[in-house]
Amino acid sequence: MAEPLRLPGDGDTSSVHVPDPQPNHTLLRWDPVRSSGERIRVVAYTSDCQPTFYELCQAGGLFFIRRTRRTGGRVLIHESARIRRALVIPLWEGLLEGMDPVKHSPA
């Protein structure tokens, strides 16, 4: 079961850790980061103590998941499609329950 949605500054110093993907996981597609200069608000996040971590973000009334991977001395950042909150929350919760975080495709 997923841990509750954690918000930055909620007083809890621990962060959610993403489990290994479940056998019946959902595949997601990730796109390169958009360079739009818009303001992005991080709504929730996972622990950054692992090589790959995630942020649930909001920009311009839409939500998306940002994936950051540290590999081979590089930092790679990708984002999911920007969609309504009602559509992104099940994806975020699924990610916290072990759905595949490698690809993303709600659109």
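Derivation of every value follows stated rules applied to the coordinates shown; laboratory data play no part. Computed from a prediction, not measured in an experiment: that's the story for all the values here. All Cβ positions, glycine included, derive from the backbone under ideal geometry; neighbour counts span all protein chains shown.
Filter region 30-39 for residues that are touching a residue at least 24 places away in the same chain (Cβ under 8 Å) and in a loop (DSSP other than H, G, I, E, B); which is nearest to Ile65 (Cα to Cα)?
It comes out as Trp30.
The set of residues in region 62-88 that are more than 15 Å from Arg29 (Cα to Cα) and free of Cβ contacts under 8 Å to residues at least 12 places away in the same chain comprises Gly72, Gly73, Arg74, Val75, Ala86.
Could you please find all residues in region 42-84 being in a loop (DSSP other than H, G, I, E, B) and crowded, with 17+ Cβ neighbours inside 10 Å? It would help to see each step written out before you state the result.
We begin by selecting, within region 42-84, every residue in a loop (DSSP other than H, G, I, E, B); these are 47-51, 60-61, 72-73, 80-82, 84.
Residues satisfying the conditions are Ser80, Ala81, Arg82.
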